[in-house]
Each structure stands twice: as C-alpha cells, then as structure tokens.
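Participant: I'd like to ask some things about the structure below.
The values are calculated or read from the model by the stated rules, or taken from the named source; none is laboratory data. What you are looking at is a predicted structure, and each value in this text was computed from that prediction instead of being measured. Cβ sites come from the backbone with ideal geometry, for glycine too, and all protein chains shown count toward neighbours. For the accessible areas, the whole protein counts, side chains as well, though only heavy atoms, and no ligand, DNA or RNA atoms are used. Shrake-Rupley method; radii C 1.70, N 1.55, O 1.52, S 1.80 Å.
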Amino acid sequence: MKRAWWPFWLWLLCVFLILVWGRPLVRHEFERSLGESMMALAAGTARQLALGREQVAELLPLDYAALRQHPLNREFERDARELMALADIRYIYVEVDLGPAVPFRVEPGEEKVFNAAAGTPLNILYLLDAVTEEEAARQERPFPEKERYGLLGERNRVLFAGRQPGWLVSEDRWGKYLTAYAPLYLSDGDFLGMLGVDYDYGSYRRALLLYESVLLLPLLLSGGVLLFQLFQLKSSIRAEKQARGEALQAYRDTLTGIWNRRGIWRLLERQWRLARAHHHGVTLLLVDVDYFKEYNDNYGHPAGDRMLRAVAGMLAELAGEYQGVVGRYGGDEFMLLFANLIPGEEDKLGQEILVRCHTLAIPHAFSPISDRQTLSVGAVTLAPGQEVAMDTLVELADRALYQAKRHGRNRACCHQEPKRRAG
C-alpha cells in the first residue's frame with residue numbers, strides 16, 4: 001500500500017521543488033533577461049544624446065512645466081516616444097545628482113509620495129523627462145514645485161558612483177517599474193548623470209504570470225513532463241530575450257533607416273486609438289516619388305537608392321519639426337503621420353515638402369515635367385468617430401495623392417473633411 005503512494009509523494013515533491021526553487025528561479029531569470037535588454041536600450045539612447053554645458057545650464061533653473069515645453073525636452077520626448085510605442089516603456093529621463101544643492105525636503109504628509117520620512121532631502125533632479133501620452137493624461141501632480149526632484153536610493157547611489165549601466169526594480173508615486181540606467185556624459189566628456197528607462201512592472205508581471213501558468217500546469221500530468229517543461233520554459237526565455245533585442249530593427253526600413261510599412265502602420269493604429277480616446281484629429285500625408293521608374297532605369301538602382309535615402313532624410317527632418325513620424329509605405333511611397341495639427345496645416349506641410357524636395361536639387365533629366373526630382377503629395381485630416389474607420393483616412397489620402405498625380409504631379413492636394421451643420 002505504501003509503495004502504491006510513492007508516485008503521489010514524488011509528484012508532491014516535484015510540486016514543492018517547483019514552488020520553492022523553480023518559481024523564484026524563473027522569476028529571477030525573466031527579470032534579469034528583461035533588465036539586461038532595457039539596460040542595453042538605455043545605453044544606446046545615452047550614446048545618441050549629446051548635451052553641452054550651456055544647454056544644461058539653461059535647463060537647470062526651469063520648473064517642471066517650463067521644462068516640458070522647452071525645445072530640448074520636446075525633442076527628447078519625441079524621440080523617446082518612438083521607442084515607447086514599441087514596448088511597455090512608460091518613462092525615459094535623465095537624472096542628475098545635485099546632492100545638498102537641491103532645495104527641497106520631504107514634508108509631513110508627503111512620506112507616501114516620496115517613500116521616505118519627513119525631513120529627508122530630495123537629492124536628484126530630472127534634467128530631461130519623457131513620458132507616454134497615456135501617462136501624461138492620467139497623472140495628478142500634487143506638488144508641482146517638486147516635480148523635477150526625487151530621492152537617490154542606495155542602489156541608485158551605487159550606479160551613480162560606478163558610472164556603469166545597471167538595472168533595478170523601483171517604486172515611486174507613479175507606480176512600480178523595472179528601471180534600467182546608463183551613464184550619460186556631456187559633449188566635452190565629463191560625467192553628467194544617468195539616463196533611466198522605466199519598463200512597466202505590471203506588464204512584466206502579466207508576462208511572468210503566463211510563463212508561471214505554463215510551468216505549473218504540467219505538474220498535473222507527471223514529474224517527467226514537469227522537468228521537460230522547465231527546460232522548454234528556459235529556452236523560451238532565451239528566445240524572448242533575443243526577440244526583444246531584434247524587435248526595434250524589425251520595424252525599421254533597411255534602406256532608408258526610417259520606419260518600414262509594418263512600423264508606420266502600427267504607429268498609425270496606435271495614433272488612431274489615441275485620437276478616438278482624446279477627441280483630436282489625425283493627419284496623414286502620402287508622398288510619391290514622381291517618375292521613379294524612369295530614374296532607376298536611366299541612372300541605375302544604386303543611384304535610385306541614394307535618391308530615396310535623400311528624400312527619406314528630408315521627410316524625416318520635416319516630420320520631426322512638427323512632432324510627427326515618417327515611414328516608407330511602399331517602394332517609392334512614403335507616409336507621414338501627425339496629431340493635433342492646426343486646421344489647414346496639412347496643406348502647408350504638403351507645399352513645404354515640394355519646396356524642400358526642390359531644394360535638394362536631385363537631377364532628373366528623364367522626367368517629363370522637370371529637370372529635378374519632384375514629388376506628389378496627398379494629405380488628409382480626420383477626427384475619429386463611430387462612423388469613421390481608420391481605413392477611410394488612408395483611402396482619402398490615397399485619393400488626394402491620385403488627384404495630385406492626375407493633375408500633372410509635382411503638386412500637393414489636400415482632402416478637407418466636410419463641415420457638419422449645427423443642429
């Protein structure tokens with residue numbers, strides 16, 4: 001009889017080992033894998049950010065509201081949100097350790113806000129701050145004069161002192177995050193502070209719960225299946241780590257470096273959802289390279305590639321000036337996406353694209369309409385509604401582009417949303 005129970009006791013032992021040893025191991029491995037991926041992302045972002053002493057001196061005395069509107073921070077936030085759109089990243093920021101120079105302390109009643117006792121000095125300043133649109137919309141700011149300041153914890157202090165990339169789990173008044181840090185240096189080479197990337201801990205927990213469910217269910221069958229599943233799980237974690245590293249590249253066009261069709265379409269879907277939730281318009285421009293086949297056939301494909309890169313660079317620069325994004329929608333077609341533009345500004349953008357293309361002065365001796373490379377542009381602005389689908393936005397932009405090409409090309413046509421009658 002006792003021998004008949006040994007499979008049960010073996011199964012129970014497996015359950016015990018998994019709960020006591022396997023589950024923490026999976027949590028640790030999953031967290032470490034994610035932390036290293038975010039740490040690499042923080043280091044790459046820090047390498048691309050170059051600040052001079054004059055710029056730092058200009059940012060230091062600003063309050064939070066002024067900082068958010070400063071051109072340096074707006075450019076930083078625009079670039080950061082492109083990364084946030086592809087992962088569950090909530091914040092990207094630059095922390096500077098000011099030590100005793102910070103004028104604020106934790107006051108009575110603020111202990112839970114800053115996770116510190118009253119009287120504790122706030123010793124860091126957020127020099128640059130980028131947050132997702134959703135977080136910015138839902139946040140309440142009870143202490144606006146202290147918005148740029150915070151506490152430097154013990155593990156943060158070690159990272160600051162070592163000036164090396166690292167990650168940790170942090171919690172503040174806005175939530176719980178897996179935070180990755182990388183050192184940031186001034187343009188002259190002096191150490192400035194740390195660039196931080198906050199990955200939403202709730203997303204991490206949900207993903208981990210899925211892995212834990214996959215881990216525990218096989219225990220209902222047998223201990224052997226359990227061990228096999230543990231091996232499969234660790235393999236999945238390694239694959240997940242590799243996939244995260246390749247995720248950003250999957251959305252980039254290899255020729256031009258801008259978003260590819262998959263990436264710009266995903267950003268369009270996201271912007272359409274935000275516009276529907278916050279009741280603002282979405283502007284879409286489709287840009288077609290005129291007589292591209294004639295250019296390729298006569299100048300050769302390498303020259304055609306160089307011309308596309310030049311056009312993509314010009315469009316990316318223009319999109320950045322208006323807080324927009326650009327992607328390669330087809331072989332010789334580009335898509336520009338904007339939100340909250342001033343009414344009628346899409347027509348101005350279309351004309352500006354034509355002017356800047358002319359300024360590029362790319363020779364095209366085989367074009368029947370000009371001795372330079374020209375573009376055709378179709379633009380539309382729509383506000384999402386119950387009766388308006390996202391496909392309608394793309395269709396109307398395509399119609400406007402067709403109209404520009406039908407009327408001789410080298411022009412921009414704009415589809416205006418009909419005004420609704422009051423009452």
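Participant: Name the residues in region 56-112 that are in a loop (DSSP other than H, G, I, E, B) and either in contact with a Ser or Thr (Cβ under 6 Å, 6 or more places away or on another chain) or open to solvent by less than 40 Å² (accessible area, probe 1.4 Å) (or both), would you?
Facilitator: 70, 85, 86, 87, 88, 102, 106, 110
Participant: Filter region 263-308 down to the residues that are among the basic types (Lys, Arg) and in contact with a strand residue (DSSP E or B) (Cβ under 9 Å, 6 or more places away or on another chain) and list them by number.
Facilitator: Those that are among the basic types (Lys, Arg) and in contact with a strand residue (DSSP E or B) (Cβ under 9 Å, 6 or more places away or on another chain): 266, 276.
Participant: Also, quick follow-up: Select from region 257-292 the residues that are of a type in the set (Val, Ile, Thr), within 19 Å of the chain's Cα centre (by Cα) and more than 22 Å from residue 339 (Cβ to Cβ) and list them in ascending order.
Facilitator: None - no residue of region 257-292 is of a type in the set (Val, Ile, Thr), within 19 Å of the chain's Cα centre (by Cα) and more than 22 Å from residue 339 (Cβ to Cβ), so the list stays empty.
Participant: Can you find a residue that is part of a helix (DSSP H, G or I), touching a residue at least 12 places away in the same chain (Cβ under 8 Å) and open to solvent by 30 Å² or more (accessible area, probe 1.4 Å) anywhere in region 369-381?
Facilitator: So far as region 369-381 goes, no, none of its residues is part of a helix (DSSP H, G or I), touching a residue at least 12 places away in the same chain (Cβ under 8 Å) and open to solvent by 30 Å² or more (accessible area, probe 1.4 Å).
Participant: Next question. Counting only residues that are of a type outside the set (A, V, I, L, M, F, W, C), open to solvent by 30 Å² or more (accessible area, probe 1.4 Å) and either in a loop (DSSP other than H, G, I, E, B) or modelled with pLDDT under 80 (or both), how many does region 113-152 have?
Facilitator: Total meeting the criteria: 11.
Participant: Cβ-Cβ distance below 8 Å, separation of 6 or more or different chains: which pairs start in region 82-101 with a residue that is touching a residue at least 24 places away in the same chain (Cβ under 8 Å) and on the phi > 0 side of the Ramachandran plot and end on one that is surrounded by fewer than 21 Cβ atoms within 10 Å (Cβ to Cβ) and of a type in the set (S, T, N, Q)?
Facilitator: Going by the 8 Å Cβ cut-off, the qualifying pairs are 99/123.
Participant: What is the one condition in (1) in contact with a Cys (Cβ under 9 Å, 6 or more places away or on another chain); (2) among the polar types (S, T, N, Q); (3) at pLDDT below 95 that residue 376 does not satisfy?
Facilitator: Failing condition for residue 376: (3).
Participant: Can I ask one more? Do you know which residues across region 393-406 are over 25 Å from residue 304 (Cβ atoms) and either loosely packed, with under 14 Cβ neighbours inside 10 Å or touching a Phe, Trp or Tyr at 6+ places or on another chain (Cβ under 8 Å) (or both)?
Facilitator: Matches in region 393-406: 393, 395.
Participant: May I ask you to say which residue of 71, 61, 24 is under 20 Å from the mean Cα position of the chain (by Cα) and without any contact (Cβ under 8 Å) to a residue 24 or more places away in the chain?
Facilitator: So the residue among 71, 61, 24 that is under 20 Å from the mean Cα position of the chain (by Cα) and without any contact (Cβ under 8 Å) to a residue 24 or more places away in the chain is 71.
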